[in-house]
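Report on one structure; see the data block that follows.
Derivation of every value follows stated rules applied to the coordinates shown; laboratory data play no part. Since we're looking at a predicted model, the values are computed, not measured. A quick note on method: Cβ atoms are made from the backbone with ideal geometry, for glycine too, and the neighbour counts reach across all protein chains shown.
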């Protein structure tokens, strides 16, 4: 299970809903952010430096020792493992509970041709400094490689390169004037440092006004519909602003050059392995295949978790790194104001089919499917980025989809889904034949992609919940960023810092 990430992301916001109404004290610092990532309540020191401090191995706080206090972490993905690692470095006793049998969450891996690869495609940008620093700390930076990205668009039966300004000028599905407007739009968004001006308008409305309706209909609209489904027209422009700035910033030599992406040779599963090994070496306790039934709350404070088998596990603090829907099931005692923040952020589920092929399907790493008649969002041909020699000479292709809950594709067998997808691969490459396929896998991920609309953007549930000692750290809190490993690590480091500060404050009161 896991998540395929399309070229979209997250965003959203509406000015009149972002903190102009009075709210509860716990929401003041975390629930209403405008155009920048949320900070935990009462932790101003995290504004820009928490991740960097954590890289030094002390999680950024001076004198914030765990003094043997016990923390229960629910969820063994990258955020949960990072939080566990940082808390252990401070002397906390840490227990991590993961419902599934594997660690890493959406960074789980499998083998193709003797090589290890993610169930859902992964790469990082040059701006992803948090994960780069962690990889260096873990001794994995020699395996991190940077390669030019090859991006294309499939539209009305043709493949178009879509990387450089020259590619844009040659993109004939839109007229020359609209091509120029689209290029100017990218340059304009790249220069905007503050996303506040984009909070109260949808991406559809803004793009249609600035770049023209044709550019929305041909270029951006299909991608939004593929990623956000029926909510595509509601997504805020702040997402697109942030995404464009990120992609431009990941170009070597400036905005007119090719995009550069990073990958960990051997898969990002190596990072998960090293985190797990270091957690164990520091005395942490990892409990796989151990679902949590609920958070134990006594006198308004979290005092542990109740496991699915009925076993209580006491703790001085509980950190949940699961999706909002699951978190609300674990903590039904949460007040309605906080519940509303969590429920106000809808999610799309993810579906990803992975193929091992004898031959490459295209020359692109990332191919956006802008034809509305196709049953999937994007094709990510991993071995056009990282060579097939790493996978026994086989070519690895991800077929990516984001879908609403209950979509018929989720109930199909692998063979039924293949019958839906296969004809469209032949439309992209008429030479494609079933004999090319040497392996086929399907992975699914519930609550994979939070969606920020103009109504909910910036209304982020803070890490510190209204229940003392209970914390939340998940992808709904990285607004306005898109989901990714870099931000999972940042979430883990931020919530670890917040727990340490709160525990130090409690200790000082006791003394």
Run the numbers for residue 308 and residue 277: contour at 0.36 nm per residue of separation, minus the present Cα-Cα distance, in nm.
8.6 nm
Can you tell me how the stretch 164-257 classifies by the Cα gyration tensor, rounded, prolate or oblate, using a/c under 1.5 as the rounded cut?
oblate
Quick one: compute the contact order of the stretch 164-257, relative version, from alpha carbon pairs under 8 angstrom and 6+ residues apart, as a percent.
34
Descending Cα extents along the principal axes, the stretch 347-397, whole Å:
35, 22, 16
Using label points projected 7 Å from each Cα along Cα→Cβ, tell me how many nm separate residue 192 and residue 431, to one decimal.
4.4
Using all C-alpha to C-alpha distances in the stretch 285-382, build P(r) with 10 Å bins and read off the rounded percent in each one.
12, 30, 19, 18, 17, 5, 0
If r is the Cβ-Cβ distance from residue 299 to residue 156 and R0 is 51 Å, what FRET efficiency results, to the nearest 0.05?
0.20
Tell me the relative contact order for the stretch 259-410 as a rounded percent, counting alpha carbon contacts under 8 Å between residues six or more apart.
16
Mind checking the full-extension length gain between residue 260 and residue 404? Use 0.36 nm per residue of separation minus the Cα-Cα distance, one decimal, nm.
48.7 nm
Multiply the residue separation of residue 233 and residue 343 by 0.36 nm, subtract the distance between their alpha-carbon atoms, and state the gained length in nm to one decimal.
37.6 nm
If one computes P(r) from the Cα atoms of the stretch 359-511, what percent of pairs lie at distances over 24 Å?
54
Computed label-point distance, nm, for sites residue 148 and residue 371 using a 7 Å Cα→Cβ extension
2.7
